[in-house]
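Report on the following structure.
The values are calculated or read from the model by the stated rules, or taken from the named source; none is laboratory data. From a predicted model like this one, the values you see are computed outputs, not experimental measurements. Neighbour counts are summed over all protein chains in view; Cβ atoms, including those assigned to glycine, are modelled from backbone coordinates with ideal geometry.
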Amino acid sequence: MTTQGLRSTALALSLSLTSLFATQAEAAVDSLQLIPRPVSVTYGTGTLRLPRTLRLSAGAPTSLSDGLKKQSFTTTAAKGRMKGLITTRLDASVPGLEGYRLEIGKQGITLTARDEAGLRQGTQSLLQITQQYGGALPYLTITDSARLAYRGVMLDVSRHFMNRDMIIRLLDEMARYKLNRFHWHLVDGGGWRFPSKKYPLLTKKAAFRTVSDWDQWWQKDRRFVDEGTPGSYGGYYSLEDIHAVLNHATRLGITVIPEIELPGHSNEIFAAYPELSCLNEWAFENSDVCIGNEKTFKFFEDILDEVMAIFPSKYIHIGGDEATMQHWSKCAKCQARMKSEGLKDDHALQSYMIRRIEKYLNSKGRKLIGWDEILMGGLAPDATVMSWRGEEGAIQAAKEGHDVILTPNSHVYLDLYQRESDHEPRANGGFIPLEKIYSYNPVPKELTPAETKHVLGVQANLWTEYVLDEPHAEYMLFPRILALSEVAWTPQQDRDYKSFLTRVNYHVPALKKRGINVYPLRRIAAINEVDTVKHLVSVSLDSERPTADIRYTTDGTEPTARSPRYTGTPLTSRDSLIVKARLFEGDKMIEAAPMISFRTDYHKAIGKKITYNDCTWNERYTAGGSRALIDGVRGTPTYLDGRWQGFTSPMDVTIDLGAVTELSHIFAKFMQERVQWVYMPGDVEILLSDDGVNFRSVARQKTLTSEDIYKPVFETFSFPMKERARYVRVKASNNRSAGHFIFCDEIIVH
């Protein structure tokens, strides 16, 4: 880390300690295990020895005293002229957002902060240092400040209810890692969790459902039952619960942002008040409120009044995403609204509602946040956009002068798997490991410096369709939100994933000790590359545990403690390469880290010409374009990695090998992610030709994968043969309805 000459003095906190003496400094910069990584650390020469009883001046933050006590220190208050009196003075010249300076030296510990927020962040850094070093702290100076103002975590408590104790634990960890916004997704189609006095039927009739299993309930039932029904599943928060969460968040300096979803995702409302739907009744596929009905606006204004009476947040989130709009065109009230307001289509109708709700919130001194669909039909004048479908919504909104929060499902959706799915609890498809989150830069490069000022920050979201309880939620959150904290806090140029891996491996045992059900870092990543000049494929291995050994084989056997240790040099082959690898600590296999098996091939089709026959890839999933299926680069466990080519039509491609060639085997690998509308092809057919015009079918294979499997599944269609041909045509059927995908990563020709 570099030393930066940050000068100036602001709110100062001096902690005087007795029985102090110095020795030679024992720490190097890289040994400091702080998360998020501070802007600058400078080490001195010496060590500050702490007594077990620390004297704090009156006025020291209670979070400092409480934190030290949890580390087995005791604290007393300094009195009179005793050293260690806390001097607090505001000085706006301290630079940086939530800026602070922490100094540990011969005279004790001094924390200087720009404001109360900076004081809280500096306190958390000090507590991490005392946790690491105990009673012997290295002399150092930290100068630090936040990159982004909004550093958030969203928790969906509608699909699966989470109790208040879990939320309070989450808030504690968020504060520890300098995350300062908790987005509470209180209502959605899975259940209503907010205690409304004016509309009591919402918790009586829409907070409990027939079963807890999401797929079983959502696909086959969607019915709610009255509170108290035997065998029902659900819950809601009392006012006492909400106040407990808000009071705790306030003490920690965290803002709680409530979400009341509209106009879509409103199935649960109709279980209690069906007259707010276009159908005037509860129905299986009925999730959008009736915008033509004035009672709808009265309902939401009343609910928002109750929310604003409890939540002090400047921002109120109103959802705005994924409205189906399926009944508005047939609803007389909605059509009358469109006619009277001059609205040209359903998107404009939704925009009308968002604008009207925003005007109401503004009249109460609040601001509206919505998911990026609120851009459709025209954005409300002062709305803030939370961009989840990539960055496009954020870029558009920022260029139009609106504030934005980045939360793309490609990088910060925590309901997706964090390692290969075979060894993980059920998740919502997709694949976002720790490194993927850490790699994210939440300031889009398409924005000018002036436009980047509208980027408030970044947020990670945990949707809970497949998160069954509080321990499972913690497993999906930790340690991935530690990566988020560094993305949001640390300057982009100062971030380093290998350094972060070392530090996060230090923090995982501490999280466990605090009772957090943390994901055990254990993933081995296999990355393959292709060298078309040397005609080589290579595989590099890496893991989430830098201190563990990766042992591997290439002969098909399982690795043991006596197998070769991977040293960082890529494994190469001019043909096929099958790598199996496991993690070891010394001679002991890490049981929590299952073996991986990875195959790559330098095959006959690499570098050849390929033609797409009356089909084209989906523009969102190009995998690099026309060479993607024969580039030798294999996909990872997620279709979001840029290596899987996606089709909403059947796939039909022809490879020109350049000359008649002996063919012994053809492979084509596909994936299925049912929850993301990705299915296996019904069948794959191989056709061969010598002239590129007249083709003969030589093999056809139906999928062996059931459509009922929800976990990600990978199937390699294998066609052994003894044939000669110049042209290889591969056809994969897609018999699903519009909007469903098939994904292929590589066609391999031997």
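Just to check your reading of the model, which residue among Ala394, Ala460 is modelled with pLDDT of 95 or more, assigned to a strand (DSSP E or B) and surrounded by 24 or more Cβ atoms within 10 Å (Cβ to Cβ)?
One residue alone meets the criteria, Ala460.
Here is a check on your reading of the model: is Thr229 closer than 22 Å to Thr384 by Cβ and surrounded by fewer than 20 Cβ atoms within 10 Å (Cβ to Cβ)? Judged against the criteria, Thr229 is not a match.
In the set (1) among the hydrophobic types (A, V, I, L, M, F, W, C); (2) buried (at least 19 other Cβ atoms within 10 Å of the Cβ); (3) within 28 Å of the chain's Cα centre (by Cα), the condition left unmet by Ala525 is number (2). Against the test of being of a type in the set (D, E, K, R) and closer than 30 Å to Trp214 by Cα, the options Arg582, Arg620 yield a single qualifying residue, Arg620. With respect to Val467, is the statement that it is in a loop (DSSP other than H, G, I, E, B), within 18 Å of Val518 (Cβ to Cβ) and modelled with pLDDT of 95 or more true? Against the criterion (in a loop (DSSP other than H, G, I, E, B), within 18 Å of Val518 (Cβ to Cβ) and modelled with pLDDT of 95 or more), Val467 qualifies. Of all residues in region 590-606, those satisfying the criterion of being loosely packed, with under 15 Cβ neighbours inside 10 Å and not acidic (Asp, Glu) are Ala592, Ser597.
On the given criteria, is Ala699 in a strand (DSSP E or B), closer than 21 Å to Thr532 by Cβ and aliphatic (A, V, I, L, M)? Please lay out each step first, then the result.
Numbers: in a strand (DSSP E or B): yes; closer than 21 Å to Thr532 by Cβ: no; aliphatic (A, V, I, L, M): yes.
Judged against the criteria, Ala699 is not a match.
Of all the residues in region 194-228, those that are at pLDDT 95 or above and of a type in the set (Asp, Glu) number 2. For region 705-750, filtered to residues that are basic (Lys, Arg) and in a strand (DSSP E or B), the residue that is surrounded by the fewest Cβ atoms within 10 Å (Cβ to Cβ) is Lys722. Counting the residues of region 281-294 that are closer than 22 Å to Thr210 by Cα, among the polar types (S, T, N, Q) and out of contact with any Phe, Trp or Tyr (no Cβ under 8 Å at 6 or more places or on another chain) gives 1.
Residues that are within 25 Å of Phe584 (Cα to Cα) and outside any strand (DSSP E or B) within region 529-551 comprise Glu544, Arg545, Pro546, Thr547, Ala548, listed in sequence order.
Can you tell me how many residues within region 397-410 are buried (at least 24 other Cβ atoms within 10 Å of the Cβ) and part of a loop (DSSP other than H, G, I, E, B)? Residues in region 397-410 being buried (at least 24 other Cβ atoms within 10 Å of the Cβ) and part of a loop (DSSP other than H, G, I, E, B): 1 in total.
Close Cβ contacts (under 7 Å, 6 or more residues apart or on different chains) running from residues in region 331-343 that are over 17 Å from Thr296 (Cα atoms) to residues that are of a type outside the set (A, V, I, L, M) comprise Leu343/Tyr352. One residue stands out in region 650-704 among those that are surrounded by fewer than 22 Cβ atoms within 10 Å (Cβ to Cβ) and under 30 Å from the mean Cα position of the chain (by Cα): the one that is nearest to Arg724 (Cα to Cα), namely Lys669. Is one or more of the residues making up region 357-372 acidic (Asp, Glu), more than 30 Å from Asp241 (Cβ to Cβ), surrounded by 14 or more Cβ atoms within 10 Å (Cβ to Cβ) and in contact with a strand residue (DSSP E or B) (Cβ under 9 Å, 6 or more places away or on another chain)? Checking region 357-372: at least one residue is acidic (Asp, Glu), more than 30 Å from Asp241 (Cβ to Cβ), surrounded by 14 or more Cβ atoms within 10 Å (Cβ to Cβ) and in contact with a strand residue (DSSP E or B) (Cβ under 9 Å, 6 or more places away or on another chain).
This table checks each residue for (1) at pLDDT below 95; (2) among the aliphatic types (A, V, I, L, M); (3) touching a strand residue (DSSP E or B) at 6+ places or on another chain (Cβ under 8 Å); (4) surrounded by 18 or more Cβ atoms within 10 Å (Cβ to Cβ).
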| residue | (1), (2), (3), (4) |
| --- | --- |
| Thr143 | no, no, yes, yes |
| Met154 | no, yes, yes, yes |
| Asp165 | no, no, no, no |
| Ile168 | no, yes, no, no |
| Trp192 | no, no, no, yes |
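When both residues are 6+ apart or on different chains and their Cβ atoms are under 7 Å apart, which pairs have a first residue that lies in region 38-58 and is on the phi < 0 side of the Ramachandran plot and buried (at least 16 other Cβ atoms within 10 Å of the Cβ), and a second that is among the β-branched types (Val, Ile, Thr) and not in a strand (DSSP E or B)? Filtered contacts from region 38-58: Ser40/Thr2; Ser40/Thr3; Val41/Val29; Thr42/Thr3; Tyr43/Val29; Thr47/Thr23; Arg55/Thr18; Ser57/Ile86. Residue count for region 385-412 satisfying the condition of being of a type in the set (D, E, K, R) and closer than 18 Å to Glu322 by Cα: 3.
Right, Thr636: under 21 Å from Glu424 (Cβ atoms) and either in a loop (DSSP other than H, G, I, E, B) or over 41 Å from the mean Cα position of the chain (by Cα) (or both) or not?
yes
The set of residues in region 162-211 that are in a loop (DSSP other than H, G, I, E, B) and on the phi > 0 side of the Ramachandran plot contains only Lys178. Output yes when any residue across region 430-447 is touching a helix residue (DSSP H, G or I) at 6+ places or on another chain (Cβ under 8 Å), more than 15 Å from Tyr519 (Cβ to Cβ), part of a loop (DSSP other than H, G, I, E, B) and of a type in the set (Lys, Arg), and no when none is. Checking region 430-447: not a single residue is touching a helix residue (DSSP H, G or I) at 6+ places or on another chain (Cβ under 8 Å), more than 15 Å from Tyr519 (Cβ to Cβ), part of a loop (DSSP other than H, G, I, E, B) and of a type in the set (Lys, Arg). For region 475-513, the candidate set comprises residues that are within 21 Å of Val153 (Cα to Cα) and without any contact (Cβ under 8 Å) to a residue 40 or more places away in the chain; within that set, the residue that is surrounded by the most Cβ atoms within 10 Å (Cβ to Cβ) is Val508.
Filter region 170-213 for residues that are out of contact with any helix residue (DSSP H, G or I) (no Cβ under 9 Å at 6 or more places or on another chain) and of a type in the set (S, T, N, Q) and give the result. Selection gives Ser212 alone.
Here region 345-381 is the region considered, the condition is being farther than 23 Å from Arg181 by Cβ, in contact with a helix residue (DSSP H, G or I) (Cβ under 6 Å, 6 or more places away or on another chain) and in a loop (DSSP other than H, G, I, E, B), and the residue that is modelled with the highest pLDDT is Met376. Determine if region 560-580 includes at least one residue that is assigned to a strand (DSSP E or B), surrounded by 19 or more Cβ atoms within 10 Å (Cβ to Cβ) and of a type in the set (Ser, Thr, Tyr). For region 560-580, residues assigned to a strand (DSSP E or B), surrounded by 19 or more Cβ atoms within 10 Å (Cβ to Cβ) and of a type in the set (Ser, Thr, Tyr): absent. Only residues that are under 30 Å from Ala383 (Cβ atoms) and part of a loop (DSSP other than H, G, I, E, B): list them for region 411-423, please. Result: His411, Val412, Leu414, Asp415, Leu416.
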